Amino acid sequence: MSIELGHFALILAFAIALVSALGGLLLWRRGERLAMMLGQAAILQFVLVALAFAAITNAFIVSDFSVALVANHSHSLKPLIFKISGVWGNHEGSMLLWILILVLFGAMVAAFGRSLPADLANLVLGAQGLLTAAFAGFTLVTSNPFERLAAPPLEGADLNPILQDIGLAIHPPLLYAGYVGFSICFSFAVAALISGRIDQAWARWVRPWTMLSWVFLTLGIAMGSYWAYYELGWGGWWFWDPVENASFMPWLAGTALLHSALVMEKRNALKIWTVFLAIITFSLSLLGTFLVRSGILTSVHTFASDPTRGLVILSILGVLIGGAFLLFAMRAPALRQGGLFAPISREGALILNNLFLATAIGAVLVGTLYPLLLDALTGTTISVGAPFFDFTFGALMAPLLLVLPFGPLLAWKRADLVAAGQRLLGMAGLAVFLTVLISALGGVSISLVPLGLLLGFWVSLGSVAELIERSRLGRIPLGDSLRRLVGLPKSIWSTAIGHLGLGLTVLGIVSVTAWETELVTTLNPGETAELAGYQIAFDSFEEIPGPNYMADTGIFTVTAPGGQTARLDAERRIYVASGTPTTEAAIQTYGLSQLYLQLGEPLDDTHVIRVWHKPYILLIWIGCLVMSGAGVLSLTDRRLRIGAPQRARRVTPEAAE
């Protein structure tokens, strides 16, 4: 496929997006005829950008080194999967993936949003077209992925070896789908502010897009965490890296937006706050884009180090986000607040949830940006590390987790807190019992660990309290309870499952933090070491060739306390094209726990070996998967998919007869 064809397709998509933006935002009152045209334009944009993306992907697959992007980030010896994932393993290609997902969401609105009023659809598609034009224009002018080389090299420079992993094939597309998906919420917010149409139907239209984006972002963050855990070789699952924080902040804001939109949908309240959150969530997504591509950070997560591009992105952010907030400042005072409710109610619980989440976003934002701003303004370099984030974020999340199980048991508008507490009494007792039991078995000293375990069990067990209450389990025959349980709305099930997933993640974090053990030693083949009851025998050391690397491989036999044996191969790879070394850890799973082994650099005639035992660490990612599954279940709820009723067709006399 011709690379020039892809280049032309992206230029054409940019032009159509620009016209759509002008037509949708300036002529939004033109009605259904314009809405039909903008819908067709949105789908055409997706087709064109998909064509452009296919062209650059084909260039990577066939190793067309006349394309500068392929020559700089690929190699003919790379396995096919890494040739394809190499498309977005760089700044230019990842921007093209960003645009592809952006136009995909716009096309989805056009295809599935036919129940939207025409004026609102025009504004949403117009705002989406403006975003597409901005980023497509930026890519074409400053980051052209289709640039040709006058003198193509015989071989490519290869992709960063750390990125040659299956995690890169999965993590960025999921993360971008979450980031970019929130653009729909942003466009709905802009449309609401311009048209003044913000009511319960608006919240119902927004919530499925918020949920879909939140699910993708949850999966993207979880995949990125696990990729860093097993690929970087340092044994940790979260570092509070500024780029990690840049993905975490939109997740927190999206979580708050989900709960706020629920209040607006059910009670027609929190209108201004919901619109504000829709703008903030996508703004934080764009902030992550700026941090990754501006050159102000040095990280394995960053793509570019060109400050000129960073200034252009900052200018785009200033126009888009600044314009949205200016519009919000002008229009928000004219919006009516909506329904009233008592502080002790489900609305009140969701507001408390939003308060803690918003404060947590502020804490993470300050800890992330303050060192960068201080360095830019004064030249002073400081580091805000994990202790700051652990303390501040943990202090904010603890009370939120404490009140979380109460929310689903409270009634709308006005509720009885004592009655809700009585329903949770049994779960509270069970959570305390499990905490005491596990603390005693694990030998936990006086610390915050029992509190963390208690909160994890409390959230996990409390998540099923509403299911028990609604099914009247134990108060009516078991068969009747099961029938009531199966017949519960999917929204109730998704809430319970989502909170259960959060509780599991908390238990995983607390367990691995409290009981992780580490051994750093030197071994020769034939020698053994022991950690947490596991016997690690160093069997042999071999050089094994890979498709585009040479690997120094340590072969180990691990004997578990129960007598089971397993072979672990830990590697240090040297890539042929770049000569870059990487570490490939060996990981063995035992139930929910893992033994993690890293082969270090040779020390004289011996080898440095690092081994970690990580109890119940898999609960962290299992909890994320459970939360994502809850979101998917919610999306299957027919009431959420309907959005708003279709207009009734005008019945002609002939049809009525």
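The values are calculated or read from the model by the stated rules, or taken from the named source; none is laboratory data. None of these values were measured; they are calculated from a predicted model. Virtual Cβ from ideal backbone geometry, glycine too; neighbours counted across all protein chains shown.
Here are a few things to note about the model shown:
- Pairs meeting the criteria (first residue in segment 61-83 and without any contact (Cβ under 8 Å) to a residue 12 or more places away in the chain, second residue assigned to a loop (DSSP other than H, G, I, E, B), beta carbons under 6 Å, at least 6 apart or on different chains) are lacking.
- Checklist (1) more than 30 Å from Ile272 (Cβ to Cβ); (2) buried (at least 16 other Cβ atoms within 10 Å of the Cβ); (3) of a type outside the set (Ser, Thr, Tyr) applied to Glu347, failing item: (1)
- Selected residue (only one of Asp569, Asp605, Asp539, Asp552 is touching a strand residue (DSSP E or B) at 6+ places or on another chain (Cβ under 8 Å) and over 20 Å from Trp234 (Cβ atoms)): Asp539
- Selection within segment 1-32 - among the small types (Gly, Ala, Ser), surrounded by fewer than 19 Cβ atoms within 10 Å (Cβ to Cβ) and in a helix (DSSP H, G or I): Ala15
- Which numbered condition Gly318 fails, given (1) closer than 19 Å to Ala415 by Cα; (2) part of a helix (DSSP H, G or I); (3) of a type in the set (Gly, Ala, Ser): (1)
- Residues satisfying the stated conditions in segment 365-384, i.e. part of a loop (DSSP other than H, G, I, E, B) and either among the aliphatic types (A, V, I, L, M) or buried (at least 19 other Cβ atoms within 10 Å of the Cβ) (or both): Ile382, Val384
- Residues satisfying the stated conditions in segment 53-90, i.e. under 23 Å from Met550 (Cα atoms) and among the hydroxyl-bearing types (Ser, Thr, Tyr): Ser63, Ser74, Ser76, Ser85
One line per residue, one yes/no per condition, for (1) farther than 20 Å from Gly86 by Cα; (2) modelled with pLDDT under 90; (3) surrounded by fewer than 23 Cβ atoms within 10 Å (Cβ to Cβ); (4) of a type in the set (Gly, Ala, Ser):
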site	(1), (2), (3), (4)
Ile170	no, no, yes, no
Ala177	no, no, yes, yes
Gly181	yes, no, no, yes
Asp199	yes, yes, yes, no
Trp202	yes, no, no, no
Leu232	no, yes, yes, no
Gly235	yes, yes, yes, yes
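- Qualifying residue in segment 350-364 (condition: surrounded by 13 or more Cβ atoms within 10 Å (Cβ to Cβ), modelled with pLDDT of 90 or more, part of a loop (DSSP other than H, G, I, E, B) and out of contact with any Ser or Thr (no Cβ under 6 Å at 6 or more places or on another chain)): no
- Qualifying residue in segment 466-483 (condition: in contact (Cβ under 8 Å) with a residue 24 or more places away in the chain, touching a Pro at 6+ places or on another chain (Cβ under 8 Å) and either not charged (D, E, K, R) or not in a helix (DSSP H, G or I) (or both)): no
- Whichever residue in segment 540-558 is in contact (Cβ under 8 Å) with a residue 24 or more places away in the chain and of a type in the set (Gly, Ala, Ser) and, among such residues, is surrounded by the fewest Cβ atoms within 10 Å (Cβ to Cβ): Gly546
- All of (1) of a type in the set (D, E, K, R); (2) in a strand (DSSP E or B); (3) out of contact with any strand residue (DSSP E or B) (no Cβ under 6 Å at 6 or more places or on another chain); (4) touching a residue at least 24 places away in the same chain (Cβ under 8 Å) hold for Glu530 with one exception: (4).
- Counted residues, segment 545-591 - those being in a loop (DSSP other than H, G, I, E, B), more than 33 Å from the chain's Cα centre (by Cα) and at pLDDT 90 or above: 4
- No other residue among Ala118, Ala59 is crowded, with 24+ Cβ neighbours inside 10 Å and more than 28 Å from the chain's Cα centre (by Cα) apart from Ala59.
- When segment 144-164 is filtered for residues that are at pLDDT below 90, in a loop (DSSP other than H, G, I, E, B) and surrounded by 19 or more Cβ atoms within 10 Å (Cβ to Cβ), the ones remaining, listed by number, are Asp158, Leu159, Gln164.
Table: residues versus (1) within 23 Å of Leu291 (Cα to Cα); (2) in contact with a strand residue (DSSP E or B) (Cβ under 8 Å, 6 or more places away or on another chain); (3) of a type in the set (D, E, K, R).
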| residue | (1), (2), (3) |
| --- | --- |
| Glu92 | yes, no, yes |
| Ala118 | no, no, no |
| Ala134 | yes, no, no |
| Thr139 | yes, no, no |
| Leu149 | no, yes, no |
| Pro153 | no, no, no |
| Leu174 | yes, no, no |
| Ala177 | yes, no, no |
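- From the list Leu425, Leu461, Leu434, the lone residue that is assigned to a helix (DSSP H, G or I) and exposed (fewer than 12 other Cβ atoms within 10 Å of the Cβ) is Leu425.
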